[in-house]
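Some notes on the structure that comes next.
FYI, it's all coordinate maths here, none of it is from the lab. Note that the coordinates shown come from a computational prediction; the quantities given were computed from them, not determined experimentally. For neighbour counting, all protein chains shown are included, and Cβ atoms are generated from backbone atoms with ideal geometry for every residue, glycine included.
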Amino acid sequence: MSASGGSKAIVAAFLANLGIALAKFLAWALSGSASMLAEAIHSVADSGNQLLLMLGGRKAKRHADRSHPFGYGRERYVYAFVVSIILFSVGGLFAIYEGVEKLTHPHEIDQTWWWLPLVVLFIAIGLESFSLRTAVRESNVVREKGQSWFSFVRRSKAPELPVVLLEDVGALTGLTFALLGVGLTLLTGNPVFDALGTVMIGVLLVLIAIVLGVETKSLLVGEGATPADYDRIVDAINDGPEIEKIIHMKTLYLGPDELMVAAKIALSADKPLREVADDIDEIEARIRAAVPVARVVYIEPDVYRPAIDPEPSTDVFVLKSSD
């Protein structure tokens with residue numbers, strides 16, 4: 001997995017969630033807290049999600065073949081989408097079900113182990129904070145200067161870091177809900193607070209899963225270059241004496257680290273074939289220098305004919321390719 005895949009963040013999140021899940025299950029078994037069970041299932045789901053992200057990164061490294069000539073880069077999008085489904089169903093819906101069940105059939109927390117859920121929650125908050133810190137540091141390596149976190153999650157072409165970021169933020173928020181529910185139940189003796197905390201955790205996970213699902217679906221369908229990269233590609237094509245006009249251009253992301261650029265350009269009608277080939281090589285080199293992720297570049301030379309050729313397209317599409 002490339003650096004943009006945030007492998008350190010994924011490993012940190014996996015280790016943290018695995019340890020937290022075991023502690024939460026122990027706390028639930030001894031105290032009977034519904035919030036602790038919901039949080040334990042949440043951590044199990046997150047641990048499985050990190051394994052899926054690592055598996056997707058591994059499969060995406062396979063070389064292109066005849067059946068997949070552009071490679072397997074989108075495997076990472078597929079597994080990120082599966083993660084959103086697991087988070088929605090196993091995490092969110094289960095927590096909501098468990099919370100509603102405890103609202104209709106209240107179950108008091110075992111006072112013998114009243115302190116254990118609180119200790120586990122505070123430890124979990126510390127571990128999740130460490131995981132989030134790692135994810136933030138990894139994200140800052142690839143996040144553009146001045147780019148907001150909302151924009152980073154929306155526009156990132158590598159799905160792993162946004163997934164881990166949202167999971168960690170959701171986990172910390174969920175732990176806060178659990179701490180609130182368990183704490184109020186212990187103070188008042190009313191198990192309804194514990195059940196409400198469980199429902200709130202479930203709703204939170206469902207919302208996060210929906211956001212992840214929408215974003216990864218867009219990547220699966222096929223996204224083009226960002227506006228900034230699109231402009232850099234256009235400038236790179238025009239930054240030379242060879243070209244008369246860009247007739248049209250489209251881009252497409254074949255995977256998080258591979259962009260495909262397909263452009264039809266107008267050259268002089270009387271230019272020899274050898275010069276045309278040299279011009280195309282120069283243009284491709286400038287594109288790759290301006291946008292290194294543009295690894296697959298197809299340039300079609302033509303003669304501009306206003307009555308036939310449309311004006312340059314303003315659509316943004318991105319494809320990944322290699323020489």
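Positive-end ranking of P162, L254, I233 along the dipole of the chain, with charges on Cβ about the Cα centre, is headed by P162. Taking each of K250/K271; K24/K217; K59/K217 in turn, the alpha-carbon distance tops 29 angstrom for K24/K217.
Highest average first, the peptides 215-227, 155-167 ordered by how many other beta carbon atoms sit within 10 Å of their residues are 155-167, 215-227.
Full extension of the chain between I85 and V303 yields a length gain of 73.6 nm, computed as 0.36 nm times the residue separation minus the alpha carbon distance. The charge dipole of the chain, taken about its Cα centre with unit charges on the Cβ atoms of Lys, Arg (+1), Asp and Glu (-1) only, comes to about 640 debye. Which whole-angstrom value gives the distance between the alpha carbon centres of segment 215-290 and segment 63-105? First find each Cα centre; the distance between them is then 34 Å.
The lysines within cross-link reach of K145, meaning a Cα-to-Cα straight distance under 18 Å and a gap of 8 or more places when in the same chain, are K157. Shown in residue order for segment 258-265 are the 3J(HN,Hα) couplings computed by the Karplus curve 6.51 cos²θ - 1.76 cosθ + 1.60 at θ = phi - 60°: 9, 10, 9, 10, 10, 9, 10, 10 Hz (x for Gly and Pro).
Over the residues of the chain, the helix contribution to mean residue ellipticity at 222 nm works out to -21000 deg cm²/dmol, using -39500 (n - 2.57) for each DSSP H run of at least 4.
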